[in-house]
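J.: Next up is a structure, given as C-alpha cells.
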Amino acid sequence: MTKRILLIIGGGIAAYKSLFLIRELAKRGIDSRVIITRGGTEFVTPLSAGALSGDKVYTDLWNLTDEAEMGHIELSRQADLIVVAPATANMLAQAAHGVAGDLATTTLLATDKRVLFAPAMNVRMWEAASTQRNVEQLKQDGALFIGPDAGAMACGEFGDGRMAEPNIIADRIEAALLGDMTLDGLRAPKSLKGKRALITAGPTREPIDPVRYLSNQSSGKQGYAIAQALADLGAEVTLVSGPVDLPAPLGVTRIMVETALDMLAACEDSLPSDIFVSVAAVADWRPAKTTAQKTKKPKNGPPPLELIENPDILKTLCEHEKRPELVIGFAAETHDVIAQARAKRLRKTCDWIVANDVSGDVMGGNENAMILVTQDGEECWPRMEKIHAARKLAHSIANALGSSN
Ligand code: C5P
C-alpha cells in the first residue's frame, strides 16, 4: 500500500531542499501532501511544491474552501507520518507549547500521528537554551528528529544548523514508516538500551604498493543501515568500517580502517560487546609483500603477486574469550544459498547467518532479499530496501536479546 506523509514546509532558506525531498520520496513510492507556512511561501511557492507532489498544496487555516474540502484534522488523518522540514526555531517553540496559530501548528496540535522534525536555523538559535528545551520537550512527547547538520550556513556562519540532506531525511522517513508498520502488525520491538553492538561494514583494501591495492565492490550500505537501526533501538553501537563513501550513522561511533588486519585489531579493541554483526566484505587474501615504493612495470610478462591468507574476523571473534553473546555473520552466495549458509553457520560457529543471493545487483544496490538462518531454521524475507532489511534484522536482534519497553 502506498504510504503518504504530510510535509510541513516552514519559513527558512532550507525550504528549497524540501522540494528535493518531495521528489526523493516520490522515487521511493511515498506520496507527499504539502502544507507551506506563510514564512515558507517567502522561500518556495505552492505552485512548485504542488507540481512535484502532484497534489493540492495547503497554506491557510482560514481558507473556507480548503476547510470544506479537507479540514486540518483530515489532513493529518490521511497521513502515515508528519514531517516538518525545515523546522524553524519558532515552529519548534510553538509545537513544544501547543500554540496553534496557523494551519501548520494547528495540524501539529490536532494530530495523533508521529512527527519527524528536520530543524534548520542559525547555529546560535539552535544552541539557544530555549530551543534546546523545546527540542527536549518534543522528544519527550514522542517526536522524532533528524539533524541539523554542521556546516557552512546561508547566514555566513559555521556550525550546527543546516537542514539534513533530502536523501538522509528520506531514509529516516522510510525507517519511521516501517516503525509504524510494526505497530500496526508485527510485534513491537524490544529496546536494546544498555546493550553494546559491534558492526563491521564495507570492503577492506589490501595494499600492493603505495598506489595499488586489492579490494571488492562492497558499498557498506547494508552494514551502515544495520548500525543505524541498532542505534535507533537504543544500542551503543561501534561501526568498524572499511573505505566507503558514506556519512557516519547518527549516534554511532565509527572507526575507519583500511586492511583486514586493521579491521580485526579495531574489533578486538572494541570488545566486550553483546552483539557482533559481521557485514564487511573482508578480503580473504592480501599481498604477501607490500612494497614501500611503487613497483615498476616488469619488462617481460605480468609481475608475480604472491598472496597470503587474511585472518577470518568473524571466526576469530566467535572463538574469542570475550565472544559476544549474539554473533551474526553474512553469507553472499550466488547458488545453493540456504545450504551454503547453513554450512557456513556451523563452520564459523556463529549464532545466525544472514544469507543473500548476490547473483543480481545486491552489491552496491539499495535493495536486498535476505534469509535469516538460525539454529531453529530459516526465515526468508522478501526483497526490500536495505534500510528496511536492516530494521527487520535489528528487530530480530532486539527480540532475542532486548528488554521490554
Ligand atoms: O567465508 P565467507 O567470506 O563467505 O564468510 C562471510 C562472513 O565472514 C561475513 O560475515 C564476513 O564479514 C566474515 N568474514 C570475516 N573475515 C574474513 C572473511 C569473512 O569476518 N576474512
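J.: For the chain, take the longest principal axis of its alpha carbons; what is the angle in degrees between that and the long axis of helix 129-140, to the nearest 10 within 0 to 90?
T.: The answer is roughly 80 degrees.
J.: May I ask for the equivalent-ellipsoid semi-axes of the chain, computed as the square root of five times each C-alpha gyration tensor eigenvalue and listed largest first in whole Å?
T.: The equivalent ellipsoid of the chain has semi-axes of 44, 24, 20 Å.
J.: While we're on this one: Show me the chymotrypsin sites (Phe, Trp or Tyr not before Pro) within region 32-126 that DSSP assigns to loop and that have at most 14 other Cβ atoms within 10 Å of their Cβ.
T.: Hits after loop and neighbour filter: W62.
J.: How much FRET efficiency would the formula 1/(1 + (r/R0)^6) give for T349 and A292, where r is the Cβ-Cβ distance and R0 is 35 Å, rounded to 0.05?
T.: 0.35
J.: Set the Förster radius R0 to 56 Å, insert the Cβ-Cβ distance between I73 and V211 as r into 1/(1 + (r/R0)^6), and round the FRET efficiency to 0.05.
T.: E(calc), rounded to 0.05, equals 0.35.
J.: Now for a different question. All other residues with a Cβ under 12 Å from the Cβ of A150 taken together, and with Lys, Arg as +1 and Asp, Glu as -1, what is their net charge? Don't skip to the end; give the middle numbers.
T.: Working: positive: R162; negative: E127, D149, E157, D160.
After counting each charged neighbour, the total is -3.
J.: Express in nm, to one decimal, how much length is gained between E321 and Q137 on full extension, taking 0.36 nm for each residue of separation and deducting their alpha carbon distance.
T.: 61.9 nm
J.: Only helical DSSP H runs with n ≥ 4 go in: add -39500 (n - 2.57) per run for the chain, normalise by residue count and round the 222 nm mean residue ellipticity to 500 deg cm²/dmol.
T.: On the way: 14 runs with 142 residues, N = 405.
Helix-only estimate at 222 nm: -10500 deg cm²/dmol.
J.: Something else now. Do you know the relative contact order of region 147-276, to the nearest whole percent, from alpha carbon pairs under 8 angstrom that are 6+ apart? Mind showing how you got there, number by number?
T.: Numbers: 209 pairs, mean separation 29.1, N = 130.
Worked out over region 147-276, it gives 22 percent.
J.: Here's a follow-up. Arranged by the count of other C-beta atoms within 10 angstrom, fewest first, what order do S270, S32, S48 take?
T.: Ascending number of Cβ neighbours within 10 Å: S48, S270, S32.
J.: Need one word for region 3-183: rounded, prolate or oblate. Basis is the Cα gyration tensor (sqrt eigenvalues a ≥ b ≥ c); a/c below 1.5 gives rounded, then a/b vs b/c decides.
T.: rounded
J.: Put +1 on the Cβ of each Lys and Arg and -1 on the Cβ of each Asp and Glu in region 167-308; which of A175, T290, P304 then has its Cα farthest toward the positive end of the dipole?
T.: P304
J.: Of the listed peptides 10-22, 380-392, 245-257, what is their order by residue-averaged count of other C-beta atoms within 10 Å, with the highest listed first?
T.: 10-22, 380-392, 245-257
J.: ³J(HN,Hα) across region 31-39 via Karplus (A = 6.51, B = -1.76, C = 1.60, θ = phi - 60°), whole Hz, x for Gly/Pro?
T.: Residue by residue, region 31-39 yields 7, 10, 10, 10, 10, 10, 6, 4, x Hz.
J.: If you project the alpha carbons of region 286-330 onto their three principal axes, what span does each projection cover, largest first, in Å?
T.: 54, 21, 13
J.: Next up: May I ask for the angle, rounded to the nearest 10°, between helix 386-401 and the longest principal axis of the chain, with both axes built from Cα atoms and the value confined to 0 to 90°?
T.: The answer is roughly 80 degrees.
J.: Then there's this: Take C380 and W62, extend 7 Å from each Cα along the Cα→Cβ direction, and tell me the distance between the two endpoints in nm.
T.: Taking the two extended label points, one gets 6.1 nm.
J.: When a/c reaches 1.5 or more, the comparison of a/b and b/c decides; with that in mind, is region 190-404 rounded, prolate or oblate per its Cα gyration tensor?
T.: Prolate is the answer for region 190-404, as a/c is 1.5 or above and a/b outweighs b/c.
J.: Have a look at A266, A227, A129 and tell me which one the Gaussian network model of the chain (Cα, springs below 10 Å) gives the largest fluctuation.
T.: For the chain, modelled as a Gaussian network with Cα springs under 10 Å, the answer is A129.
We did not get these values from a lab; they are worked out from the coordinates using the rules stated. Note that the structure is predicted; figures quoted are calculated from it, not measured. Note that we place each Cβ from the backbone using ideal geometry, even for glycine, and neighbour counts take in every protein chain shown.
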